[in-house]
Every structure is written in C-alpha cells, then in structure tokens.
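Heads up: the structure comes next, in structure tokens.
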Amino acid sequence: MADLDLPARQGFTPDAPSAALPGEIPLTLTINGERRELHVRPWTTLLDLLREDLHLYGTKKGCDHGQCGACTVLVDGQRINSCLALAVSKDGCEVTTVEGLAAPDGALHPMQEAFIEHDAFQCGYCTPGQICSAVGLVQEGHARTPDEIREQMSGNICRCGAYTNIVDAIEDVLAKETAK
Amino acid sequence: MNRFSYARPGSVADAVREVGSSPAAKVLAGGTNLVDLMKYNVERPAHLVDVTRLPGLKEIEETGEGGLRIGALVSNSDVAYDPRVQERYPLLSSAILAGATAQLRNAATTGGNLLQRTRCYYFYDAATPCNKRAPGTGCPAKTGVNRIHAILGTSEHCIATHPSDMAVAMAALEAVIHASGPNGEREIPIAEFHRLPGDTPERDTNLGADEVVTAVTLPTPRFATNYTYLKLRDRLSYAFALVSVAAAFDMEGGTVREARIALGGVAHKPWRVPEAEAMLKGVVPERGAFAMVAERILQGAQGYGGNSFKIELARLAIIRALSQAAAGTPQSQTDKRIQ
Amino acid sequence: MHETHFGSPRNRVDGRLKVTGAAPYAGEFTAPDLAHGYVVSGAIAKGRIKSIDTKAALAVPGVVQVFTHENRPRTAFRSNAYQDEVAPPGKPFRALYDERIVYSGQPVALVVAEDFEIARYAASLVQVTYEAEPHETDLEKVRGKAYVPPVKRQGISPPPKPRGDSEAAFGNSPVKMEAGYRIAIEHHNPMEPHATTVVWEGDERITVHDKIQGAQNSQSYITSVFGLPNSDVRVISPFVGGAFGSGLRPQYQLFLAVMAALELKRSVRVVLTRDQMFTMGYRPDGLQEVALGANQDASLQSIRHDLIANTSTFEDYQEATVNWSAMLYHCDNVTTTHKLATTDLYTPADMRAPGAPTGLFAMESAMDELAYKLGVDPVALRLRNYADIDESTNKYHTSKELRAAYQLGAERFGWSKRNPKPRSMKEGRELIGWGMATGAWEAQMAQTSARATLTADGRLEVATASADIGTGTYTILTQIAADALGLPMERVTTKLGDSSLPKSPVEGGSWTAASAGSAVELACHKVWETLFKYARGMDGSPLANADIDRVTFHDERIALVSDPSRYVTLNDALKAGGVEKIEAEETAAPSKLTQMRYNSFTHSAIFAEVRVDEELGQVRVTRIVDAVAAGRIINPKTARSQIIGGVVFGIGMAMHEESMADHNLGRFMNHNLAEYHVPANADIHGIEVIFVEEHDTLTSPLGVKGLGEIGIVGTAAAIANAVFHATGKRIRELPITIDKVIGTPEAV
C-alpha cells in the first residue's frame, strides 16, 4: 500500500477552450435505405446518434463498450458494435438497424421469424443485436455447423440464456438459405 | 468523453502532420479500443485524427518475396479470412479468430490491434491509481486483483499485459511494422515494437508520438504446416487470454530447422525467448524437449498471488502447443476441445 | 370453458415487438423537454466527502444543474420512508443524503444536461476530495464478528429450529463428511442497464418509466420519499430488459431522476453505465460449512449446515440459504444456522433463486462427497434418504414428484452407463465427468388483483400491475384469458407494468404465473358469468333455460354447445345488460388453510456432463438434463426457455461469474462485461428440459408452481460434482476456473 496514492481526489481538468473545437460536422448516412443529411458532434457514437438523435431505439445500449453486442448493426453489410464507432467516421456509409430488417409491408425478415418460432429471446433487450449479428453471420458465410455458429455468435451476450434457441433459429435460417 | 477537435486527413503525409500538431493528438481507426477508453476517461485526446479514409492502407499485397504486406487499415476479419493469409500464415489467421468477436474483428484494424492498450482493471478504472494511466500514482495491481496480470518482464511500476492475440502470432512470424513520421518511413521489427514497462509504463510501444503505422509485412512464409495458436481463458470465447501460445516449426525431414514460440497474456509484450527456440534446432520434436523449452521460456517468471497460477498454466500450454505444432494438428478456434 | 391454449406451446405475444426493436424499455421513453442525468460514482469505500467542486461542470454549456449532497432538494427525513416493498431490515441507502461514503462506487453527484454527451463530459469534471477511513470488504476478515440478524426479513424464513441432536449423531455416525464451501459474489447484470425516464406532466405530476419488477413498488417508493400523492405519480414500465432480482428494489437512479425532475420541473432521464451496475446489489459472499453423518446403509444420521454471509453496514440482507438442507432429506438430527457479517460494500440483493443455489451448491456437493465415502450411487443416496414430508416444518407437500424427476432425468441422461470411478471415463485427451444434484425452490402464491374487460368488438383486455421481465408473463396471461372466454389469443390484449393497474406484488420469487394467472382467470370467469347472465336474461333469449356449463363463446356468439344454432350475439347480450362493455376486477390469494398444513416447492433433478482437458484443466459443460417437477405447465415453449435460462445462469455461477474485490481499495475491480464473465454462446451446449407430470390442486388454483428460479438451483453443484467425477478433484469454491482445476490436488 505504501506506493499507492489513494484516490483522495477524483475528477479531470476541463479541456482548454479552443478555437479548434468543432461545431457540428455534416454527415451523410443511409439508414435503413433512407439517405439522411445530418450534423453531429465528433464525440457522438453511431449508437447514440441512432438512439438519441434519430429515436431509433431498436438498437440497444447494453454496455457502451463493445463487451455485449446489444448495439450490433450492419454498416455496409458488416456487423459492428455501433457503440464503438464515432458517427463522423462512418460518413457515407449504409447502416441497417433492426428497424430496417422487415419488409416495407411489415413482413418480418426470416431471421426475425425464426427467432419468434424458436423462442430465441426472453427479455428482448439483446435481441435486436442478436438478430443483426445473425443476419451478418449468414452474409459472411463463415459458419455452418453449430460449433461455428456458437463461436461466431459469441459477440452477443444474452443474460436470459437463450443461446441454444438462438443457435436453433440461425441453423433453421441457414438450412433454408442452403435449400434455396 | 472529453471535448476534442477532429480531422479526417486525405493522405498519410497529412495524417502525420495532424498527429504531430498536438502532443495530445490520437489516431482513430476502427475505434474499438480508443473510443472504449475515451468513454472511461482513460484516453482524453485533444485532437482526433481519423485515418479511416487514407488511401492505400486497406490492401493486402504481395511483397515479391512470397510475403505479404498488410495495410494498417485492413480489418482483422479481412486479414483472418484472406485466402493468401490462410494459406501462407494460418497461424496469424487462427490467432486473429481466437480474439474478440466477429463484430469487433470487422471494425478493428491491423494497426489498431497492435496499438491496443492493456486490459488491466486499474488502468481502466480512472478512480484508482495506475502508473500507466497516471504516472507516479502507484500500481495497486501488484497487491490487488491481478488474475490477468503479467508474470514475465514486469517492473515495480507496472505488471500489465498486452492483450492482443494477433500481435502474438505476428511476433512468432517476425513481422515488420512500417511507420510514417515527419522524417519519412521506417521499419520496426515487431520484437522492438512493444516495450516492457520498466519505469515508463505509460509508453506501450516504441512508435513515436508523431508516427502513424501504415503497414505490417510478413516475411517469406515458412510456418504454414506445423503451427498452432492455443489460447486459454476464463470462458470459451470473447475473453482475453490468461495465457496464449503461438508455436510454429519449420521442419526439415523429421527435425526442426527453426522453432518460433511467442506467448500472450503473460507480459507487457508478446513474449519470445530466442534461446529457448534455439534449443529445438535440429532436434526431433518430442515432449521431453518441449518441457525443457518451457522451463527456459519461463525462467524468472514471477507471480503476484492472483496470477501465480499462470506460471504452471503457461508451462503446460507451451508443451501442449508445441505438441500440436509438431503433430500438424493446430488448435481449432471453433471446436473448443483442445487438440 | 374448454382449454385450448393452457398447456400448449405458444409463441410469445410480444415477440413481434421484440424482434423488430419496437418494444420500449425504461430509458427509451422520451419527452420534448427531456434532460439527461449522468451519475458521478465515488472512488473510496468508506469515509466522507471533504469537498465537491462542481464549478467546472456547471460551466460546460448545456449543463442544467449538478446535484450533490450539498444542494440536494429536501426529501423525506426518516430513513424508513425509503423502505420499499422488499427492503431487508435496516436503513436503506439514500443517494446524495449527506457527505458520508459507505461503499465504493456510491453515487456522489448527478449532472443534468441538455444531452447525454454533455452530461457525461461534465460529470468527468466534478472534482471530489475525500477523507478516507479504514474499511473492510473481505468477509474472511470479519467472520469472527458474525451475528444472527436481530430482525427477521419479511417473507424470508429464518433457518428452522434444530431437530434432534446433530452433534451427537454426527459423532456416532460411522461415515462422516465435513467440508467448507464458498461461492463468489455475483452481480445480476441484466442486459438493459438500470434506467429511469421521468416525464414531467406539469403541475407536480410525473409519469415515470423505471426499470423495475413492480411498477407499484417504484410508485410507493416515490410517493413516500418525495411526499407526493399516489395520484400524481404513475409508473409505466411495459418492458424490462432482464432483471433477475436487480429490479425488485428501486435503484438509486430512480431516486436521482425523480429528484431532478421535481426540482427542475422538467423531464429527466438517468441511465446507469455498465460499470455502475456493479454499484448496487449482488448475490452475497457466503462461507459455508456442511457436516453429514451417515450409517453404512447410506441413511443420513446427521446434517449440519452453517453459513456466514456478508451484508452491508446499513441493512441486514437475508435469504433462505441453509433451510434447504433441513427440508430436502429425511434425517432426525439437523442443525442449520445463518449468520451475517458486515462489510463496507452495498447491501446484497435477491438474485435469481436467492439463497437456494448458494446453499444447495454446498449441500449437494457434500451429498456427492458422502456418496463417494459410502460407495453408493449419488442418485441412490438421494432416493435412500427421500423425504416424503417437509421435516423442517413438519408439513406435507402440496405435491412432490422429485422421485419421478430423479428417475426420468437419469433415464434421459443415460446415468446407468456411468462408471462411478473418478477419471474412468475418457475420450481423446478429455476426461468426461457426469454429476448430478437436486434443486428446490418455493412454489409461492402472492395476493394479486387483475381486471378483465370485454368490449363490444369481441376483444378482451386483461390487466394487472405485475411485470414481464422476459419470463413470458404477457403470453401466459393471454393464454389463460383466451381460454377463459374461448377466444383466439389474437383477440386478447394483456397489459402489465403500470402502477394504475390492479394491485400486484413485485414480479419475482417465481410466484407471478400462479398469482397473476389465478387473478386473471378469476376476473375472466367473472366477465363470462356476467355475459352469460345478460345473454340468458335477454327478452326471448334462446338460452333462457341454459346452464353456464353448457354454452360456449365463439365468433362473438354465446351459443349452446349441443345446438350452436341457438345463440345470443355479444352485442345483444351487452344491450340486454345495458352496458357497452363488461369489466370485472378480482383478487386471487393463497389459501391460508392450505398454507397452515402444507408447504409447496418445485423440485428438480439436474444432471451435468463436463469434459475436462486432462492436462490443461479446461472445463467444457457439454450436456445438461434438467428434470423439473413444477406442477402444471402453461406454455411448454416459454417454460422450457425459462428453465434453459436458469441453467445458463447456473453454468455462469459454476464456471465464470465472480465480482472480484480489491480489499485494499474496497472496490470491485472487474466491473464490466469484458472482465466479469457471464456465459457466452460458445460456453453453452445441449440443455434438455423434462417437465415431470405433477398434479397439484393445492398450491394455486391453476395447479401452477412457477419456473423462474428452479433452473439455476442445483446446477452449480451438478457441474462441480461432474468435475470431480471427471478429474478426481473436489473444487469447493466457485467459480471453477482453470487455475482451480490445475491447482487442486486429486482427492485420494
């Protein structure tokens, strides 16, 4: 303990006011097929932009640090943690969130159907991330066996423990994809 | 997250200029570690240089000597699944797939992975002392919760580990890191890239504050048959290594022409002991020799209580990894049975 | 009425909302005047705040206010005003009450700003200076100061009185087994962080969206703490992103958000960070000793189970931990004790089956150890000592099909093929271990009210203030209501999570299906009776002489079963009654008479297979069979998911979960989901669930016992026993991490 400076004090000095500090930066994103011209501060994450600015609350904040996968969205077709992406750095990208998976007429995406049929969720909070991640998994094409699905879906934590049903749902969709 | 200014340069030269413009400038690529740390107030850059649009850094190219040059912005997924990497450097592909998750690998870049910072609990918690985050405040890990901490190359100031899997494989493959700075390009062998904590634990690497990583080159491939990446952790996926071993042999007939062994999760950098590797030169690989090599690699290892088990775990893991490499049965990263 | 939905697998009625991201959780409600609060968490374990400087934070453009103990608005003076429905005895923690620091991570300020990012940034600028005092967070260090809690926690049975003379019987037993066990502190970590959105409705009225397992518990907490009338506070929480007990008590973000909203007279949202999810309740640490004595014929002669659990310095948290050891087996000499020792940590909280998986990890590990000492099969040992009545209270069971659970579980698992010798089963480099354990949980019913409303369009709405935290409550109540009136499920709407709905206790303890389900059935039955009365009483009714048991409700017609051409339409019946809708509110309560004579439990027999790398000690849990006796099953699909979820929680407890405290700093250090490991997908393999047929007419009117907890109970013990069978290593401290496997010597 001798060499420890016990935290008698907590807090940071404020950033010096700087002329270089930016205002809002223009940003173009195509979100669920709709082109949007936006303005954001550089510290706004893609997740916070979706939820707080665009009120697309389907994408969830579970940890805000890339430790749970609840915020998974597809950016240019690839699944990523939207909590760790600064929105400005995704200028020009196409973003698909859970709200963009169903058809315009309301018909659910096959993965959404499979999740309902296999009871692959309970509280539902990790579910949008699981589904976006599963859609990404199918597109990537690196998982076929249950072992591969389990490993490739390990970036999405489900505290309710629906994992076995999630794997069943994805296997179901993969089998139908293959049969096509 | 603190306030910062933001630039998105269009060339490497501009990026270098931007990075050099402020001592508190930071490079943003995939963001998977930097944004994470900024939200914890561990990193508080004044200026963020977004390099994601730099041209020419997203390709994997032939070097002309059978090797590959991986652009700093190539994502971890794109490296791991590149057919040339899978064929020539399956060790690297395997190590990358042993780390993180599909989402993180899609976002994380090659350069960023090398530069990721330690997962030490105290480093991450701005309410506690930490010599790496706040030099001079002390290292509570030494007498605190240190299950994940280093057993080799520690100093009285810091016992943190480097958390990368990719870098461990690159260390075994003797990759070379290319950096661009105000004085032009330079090459840094990976063994000289990461540092030991010593009395400057705040510095993870020997990369200059005004330098930008542009690429990693992999030398002529020799380790595509007898190799493995064995990672042991607290759950079967999505966890940092307690101990990991990258092992590879260049075989000639039944004997070892050259052995490469790098450890992850045990030190402030991927841990290699060339003298230990040399012990296998010209020998028929077998368990008895592996045990002696493990002893040599772990010479001087020191535990701090919570992590003391790592010494024995590393010994067992080295022996097993060398057995896997010798048998040509690399560890699968999806079937969690240890081969 | 004819049951078509009860007992049948049905998809979740809220499934579409959840898979499209349309289900709103507490932190996702919004308002035009919404401000965002960000909590500043304390850095020391004990002491006082010497100074707190908010100037820099207040100077950030967009910051509305910074609340600290120095400028906190007036709230209730007496600490008991902060006691909620499920609070243990003591003085509840009061955020920002004064300068005292009682645990590390305690909220010390709330920054309220126009947007989330401004609040987060400004929070980092709040300068706090502390005066630290010596603290103690290590239970081992305070075990000598353990005490029997002077005030019993309401609703929690203390250990039963000793029976016989366990000490003498232990001394006389030819076969003895005695060992200490310990579990790790675990945090609930539901995927949705705790959050509250307070919508300012003007005129001191607020609508509160809180992450809570009982909207009325939050409502009464708010009215009590802030001195508001019930009519001015409505709590609406239709969806809860998991809780597992963390949402039973109002958490500090509720207090902070309401405080700020009332003071600022505007809407405020406070969402905790994942790190802050480690600054609230947890499954407590427990030092346990179990001693078992048996005769050579494997009959238990003596049971002793002692526990010292940690609690906070301000509340005596209690849960039923050792009680299970006194009721599960036939034995004449039993002593169980439960003591507490205070630590400078927050108060523990109910976490999925509070107490049972802790106590039964010890007891069921000890039973396995005893089986090996006796040289008998672990299942045979349990059957040999099967208890037909609850000997700890001398009450009958309302039903107990545990014997069948052992049998069916063992059959499905293939237990008869087990070679009992440790290290005897192997495949490749992996040792295979098969272990089993018993699980038990109380089947409770709690007084609950529900309302049913049938409208002229033939739609039925049922409502109660309870919650669906992922358990499937929306779905099963819809099934019950649909059956009661013979409607398709699509015509029924279930409303939950609203304090203005009929009274319900918190959703917890596995009592919701039995309690809310019974209330809904009663209310629906009342509606049906009224509808029939109107239809029969109509002028010239074709049902004039009909009996209620001889009619059905179908296609908006009340018709004779024997002759569907004789009917009255819903519209006509309503007209005849002179009403536009039929509404009934009913209350279901447990039978006092039954409770006097009987105890009611769910039981399980859980079988686990592990594969352990012989050299490196990596354990994989490759197969689980859980045979559960829990009365009638309303929805086999969601019921199976409940058990699977409980088992996964148990796998986490056995293998991964551990909140590690730095006792020098008095602080949990792995306070995030990267270093606090819950099972990931790759950790979970086959989980088979068997529902054992169990007829129970006493536990609840529906014959339902509840399923939320039983899946976790016994799971850790079964896995630990399997690890022993695989390796010959007895690991008595959870979680079973790789260091313990390689570091534990083989038992001789």
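So the values come out like this:
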{"item": "Residue ID - surrounded by the fewest Cβ atoms within 10 Å (Cβ to Cβ), chosen from residues in the range C:568-595 that are in contact with a Lys or Arg (Cβ under 8 Å, 6 or more places away or on another chain) and assigned to a helix (DSSP H, G or I)", "result": "C:577"}
{"item": "Conditions (1) of a type outside the set (Phe, Trp, Tyr); (2) away from chain B (no Cβ under 12 Å); (3) closer than 21 Å to residue C:620 by Cβ; (4) touching a strand residue (DSSP E or B) at 6+ places or on another chain (Cβ under 8 Å): number failed by residue A:165", "result": "(4)"}
{"item": "Selection count where residues are among the small types (Gly, Ala, Ser), surrounded by 13 or more Cβ atoms within 10 Å (Cβ to Cβ) and either farther than 30 Å from residue C:602 by Cα or in contact with a Pro (Cβ under 9 Å, 6 or more places away or on another chain) (or both), scope the range C:406-435", "result": "3"}
{"item": "Search result, residues across the range B:294-308 that are more than 22 Å from the chain's Cα centre (by Cα) and part of a helix (DSSP H, G or I)", "result": "B:295"}
{"item": "Residues that are touching a residue at least 60 places away in the same chain (Cβ under 8 Å) and outside any loop (DSSP other than H, G, I, E, B), drawn from the range C:60-95", "result": "C:64, C:65, C:66, C:67, C:81, C:82, C:90"}
{"item": "Residue count, the range A:64-81 (criterion: closer than 19 Å to residue C:18 by Cα and either among the polar types (S, T, N, Q) or free of Cβ contacts under 8 Å to residues at least 60 places away in the same chain (or both))", "result": "3"}
{"item": "Condition check for residue A:139: surrounded by fewer than 18 Cβ atoms within 10 Å (Cβ to Cβ), under 23 Å from residue A:66 (Cβ atoms) and within 14 Å of chain B (Cβ to nearest Cβ)", "result": "yes"}
{"item": "Tally of residues being surrounded by fewer than 19 Cβ atoms within 10 Å (Cβ to Cβ) and assigned to a loop (DSSP other than H, G, I, E, B) across the range C:539-567", "result": "14"}
{"item": "Which listed residue, of B:262, B:267, B:317, is buried (at least 19 other Cβ atoms within 10 Å of the Cβ), touching a helix residue (DSSP H, G or I) at 6+ places or on another chain (Cβ under 9 Å) and more than 14 Å from every other protein chain (Cβ to nearest Cβ)", "result": "B:262"}
{"item": "Among the candidates A:68, A:83, residue that is assigned by TED's automatic domain parsing to the domain that holds residue A:34 and out of contact with any strand residue (DSSP E or B) (no Cβ under 8 Å at 6 or more places or on another chain)", "result": "A:68"}
{"item": "Hits in the range B:256-283 (condition: in contact (Cβ under 8 Å) with a residue 24 or more places away in the chain and part of a helix (DSSP H, G or I))", "result": "none"}
{"item": "Selected residue (only one of C:390, C:377 is among the acidic types (Asp, Glu), surrounded by fewer than 24 Cβ atoms within 10 Å (Cβ to Cβ) and without any contact (Cβ under 8 Å) to a residue 60 or more places away in the chain)", "result": "C:377"}
{"item": "Residue match in the range B:240-252 (condition: within 14 Å of chain A (Cβ to nearest Cβ) and under 30 Å from residue A:156 (Cβ atoms))", "result": "yes"}
{"item": "Residue A:161 vs. criteria assigned to a loop (DSSP other than H, G, I, E, B), on the phi > 0 side of the Ramachandran plot and buried (at least 24 other Cβ atoms within 10 Å of the Cβ)", "result": "yes"}
{"item": "Strands (runs of 3 or more DSSP E) (entirely within the range C:378-463) containing at least 2 residues that are of a type in the set (S, T, N, Q) and at negative phi", "result": "C:448-455"}
{"item": "Among (1) under 25 Å from the mean Cα position of the chain (by Cα); (2) β-branched (Val, Ile, Thr); (3) part of a loop (DSSP other than H, G, I, E, B) - the single one residue C:731 does not satisfy", "result": "(1)"}
{"item": "Residue satisfying all of: in the range C:1-52; of a type in the set (A, V, I, L, M), touching a helix residue (DSSP H, G or I) at 6+ places or on another chain (Cβ under 7 Å) and modelled with pLDDT of 95 or more; nearest to residue C:523 (Cα to Cα) among these", "result": "C:13"}
{"item": "Cβ-Cβ under 8 Å pairs, at least 6 apart or on other chains, the range A:152-167 side outside the structural domain of residue A:66 (by TED's automatic domain parsing), far side of a type outside the set (Lys, Arg) and at pLDDT below 95", "result": "A:164/C:686"}
{"item": "Enumerated strands (runs of 3 or more DSSP E) restricted to the range A:1-118, each holding at least 1 residues that are more than 27 Å from residue B:237 (Cβ to Cβ), at pLDDT 95 or above and touching a His at 6+ places or on another chain (Cβ under 8 Å)", "result": "A:25-31"}
{"item": "Which numbered condition residue B:288 fails, given (1) within 30 Å of residue B:73 (Cα to Cα); (2) without any contact (Cβ under 8 Å) to a residue 12 or more places away in the chain; (3) more than 14 Å from chain A (Cβ to nearest Cβ)", "result": "(1)"}
{"item": "Given (1) in contact with a Cys (Cβ under 6 Å, 6 or more places away or on another chain); (2) more than 19 Å from residue B:39 (Cβ to Cβ), index of the condition residue A:62 fails", "result": "(2)"}
{"item": "Test: residue B:144 is buried (at least 22 other Cβ atoms within 10 Å of the Cβ), touching a strand residue (DSSP E or B) at 6+ places or on another chain (Cβ under 6 Å) and more than 17 Å from residue B:217 (Cβ to Cβ)", "result": "yes"}
{"item": "Listing of strands (runs of 3 or more DSSP E) fully contained in the range C:153-221 that carry 1 or more residues being basic (Lys, Arg), at pLDDT 95 or above and in contact with a strand residue (DSSP E or B) (Cβ under 8 Å, 6 or more places away or on another chain)", "result": "C:175-183, C:205-210"}
{"item": "Condition met for residue C:15 (crowded, with 19+ Cβ neighbours inside 10 Å, without any contact (Cβ under 8 Å) to a residue 12 or more places away in the chain and within 10 Å of chain A (Cβ to nearest Cβ))", "result": "yes"}
{"item": "Index of the failed condition, residue A:110 passing every other in (1) within 8 Å of chain C (Cβ to nearest Cβ); (2) over 17 Å from the mean Cα position of the chain (by Cα)", "result": "(1)"}
{"item": "Number of the exception - residue C:38 against (1) surrounded by 20 or more Cβ atoms within 10 Å (Cβ to Cβ); (2) assigned to a loop (DSSP other than H, G, I, E, B); (3) in the same structural domain as residue C:242 (by TED's automatic domain parsing)", "result": "(2)"}
{"item": "Residue within the range C:641-652 that is in contact (Cβ under 8 Å) with a residue 60 or more places away in the chain, assigned to a helix (DSSP H, G or I), more than 14 Å from chain A (Cβ to nearest Cβ) and closer than 25 Å to residue C:400 by Cβ present", "result": "no"}
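The values are calculated or read from the model by the stated rules, or taken from the named source; none is laboratory data. These numbers were taken from a predicted model, which means no experiment stands behind them. Quick reminder, even Gly has a Cβ in these numbers, built from the backbone with ideal geometry, and neighbours come from all protein chains shown.
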